[in-house]
1. Taking Lys61 as the anchor, which aspartates and glutamates have their alpha carbon closer than 15 Å to its alpha carbon, excluding any fewer than eight residues away along the same chain?
2. At a 1.4 Å probe radius, which order do Ile136, Ile77, Ile97 fall into by accessible area, largest first?
3. Probe radius 1.4 Å, ligands and nucleic acids left out: which of Lys133, Lys159 has the largest accessible area, and how do the rest follow?
4. Give me the accessible area of Arg94, 1.4 Å probe, in Å² rounded to the nearest 10.
5. Can you spot the aspartates and glutamates whose alpha carbon is less than 13 Å from Lys155's alpha carbon? Ignore those fewer than 8 places along the same chain.
6. Hand me the GluC sites (Glu not before Pro) from the range 96-168 located in a DSSP loop with no more than 13 other Cβ atoms within 10 Å, in residue order please.
Amino acid sequence: MIRNIGSKAARFVNGVFQHVKLSPSVTKTVKGKLWLGAKLVQIGRSEKIFKKMFKLRQDDKLLSSSHCYLSTTAGPIAGLLFVSTHVVAFCSDRPIIFSSPHEEQSRMNYKVMIPMKKMKRVNQSENVNNPSKKYIQVVTVDGFEFWFTGFLSYKMAFKFLENGLSKD
């Protein structure tokens, strides 16, 4: 039993290390987590954040949420991955700053929402040169791919995504 607790703790610590290591800046990651922590205090549990950030069906229930990164062409974006009875959704920890064609700057959270009925499959993957770097690929029926990495609990996140996909 003590060995089991030790290995779970080691996996968790490795998950935290991989999560922080992915960030282009440890300072930005810490600021993002502080911003998210402030939101959790201000709004409440992750379920309330989920319902506030995304327009959902009335009967949608949050099954799980996980801290992770969404891989983009601009680099990884830290945030929360939500798995509910009807959607998989991602919201960045911090607002992203972008410029409009008129040179005006705006702030907005980076969000992705995939209805379960649009999901084709969920795949596990790992870096062949560094097996501790694990990825989850979500493929939609129309051929879009979303890659998530840096999970604090990779196995649990994959299990909830897989279970969510099999229920729909």
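1. Here the aspartates and glutamates satisfying the reach criterion relative to Lys61 are Glu47, Asp168.
2. Result of the area sort, largest leading: Ile97, Ile77, Ile136.
3. Lys159, Lys133
4. Counting only protein heavy atoms, the figure is 80 Å².
5. Hits, sequence-local ones excluded: Glu126.
6. When the GluC sites (Glu not before Pro) of the range 96-168 are filtered for loop state and at most 13 Cβ neighbours within 10 Å, Glu103, Glu104 remain.
The values are calculated or read from the model by the stated rules, or taken from the named source; none is laboratory data. Values in this document were obtained by computation on a predicted structure and should not be read as measured data. Note that each Cβ is placed from the backbone with ideal geometry, even for glycine, and that neighbours are counted across all protein chains shown. Surface accessibility is based on the protein's heavy atoms, side chains included, excluding ligands, DNA and RNA. Shrake-Rupley method; radii C 1.70, N 1.55, O 1.52, S 1.80 Å.
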